[in-house]
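The values are calculated or read from the model by the stated rules, or taken from the named source; none is laboratory data. Please read all numbers here as calculations on a predicted model, not as lab measurements. Here the Cβ positions follow ideal geometry from the backbone for every residue, glycine too, while neighbour counts run over all protein chains shown. Calculation scope for accessible area: heavy atoms of the full protein, side chains included, ligands and nucleic acids excluded. Shrake-Rupley method; radii C 1.70, N 1.55, O 1.52, S 1.80 Å.
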Amino acid sequence: MTREFLRAVRTTLTLWLLTAILYPFAMIAVGQVVFPFQANGSLLTNAQGTPVGSALIGQPFEGDRYFWSRPSTTTYSTGNPNDEATAAVLQTGVSGASNLAPSNPALLERIQGDVDRLRRSGIPPTADLVYTSGSSLDPHISLESAQAQIQRVAAARNVDASQLEPLIAQHTDGRFLGIFGEPGVNVLKLNLALDAL
């Protein structure tokens, strides 16, 4: 009995050492060597070298000078710390969908508000400019949604619209492995390039 007990303790300690210590540290090392940009948060910086966001997480953009990203149910954890509604999001870093049913009046009101804002700006409402993604943190919009915003951004920045099309093409990520998903425009990267014009 004692012998079996000691064998069970040794097995548990060995597995604990392998799975709780060696494996995680090996994954950290592989991530730092093979994928250092992604492993360290895929942080992007502005022209002054200040980190402004992650290439993997959507960021909110306001005003006509920028391309707008997808709406988020969590305001990307960048809410006003003085506002009770968003202060809790900032403290917890909450992410995820709202889980509101399609018949929920709050969801319908938010969608209608986004559609009205787009129409007032002369942008035809597209699905990704009206609906949140499943995670509510998607950093991409469709090529169609980016192109629909060209005239608004060009007018606000007083630049020729033809200057913006190459920027969109440069910041469009292709299909994963060339076959999965649809091409998408990374809004943060596009807006940083826009500021560098």
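Tabulated results
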read-out	value
Separation of the Asp160 and Val30 label points, Cα + 7 Å toward Cβ, nm	5.0
Heavy-atom accessible surface of the chain: percent carbon and sulfur, 1.4 Å	60
For log10 I(q)/I(0) by the Debye sum over Cα atoms at q = 0.15, 0.18 Å⁻¹, calculated from these coordinates, the label among [x] -0.93, -1.36; [y] -0.88, -1.07; [z] -1.04, -1.35	[z]
Span from the the stretch 19-73 Cα centroid across to the the stretch 161-197 one, whole angstrom	17
12 Å beta-carbon shell around Asp173, net charge (K/R +1, D/E -1)	0
Rough spin-label spacing in nm, given labels placed 7 Å along Cα→Cβ, for Met1 and Ala39	4.8
Charge tally in the Cβ shell below 13 Å around Leu44, where Lys, Arg are +1 and Asp, Glu are -1, Leu44 excluded	0
Once exposed loop trypsin sites (Lys or Arg not before Pro) are cut out (DSSP; at most 16 other Cβ, 10 Å), longest piece of the chain	66-174
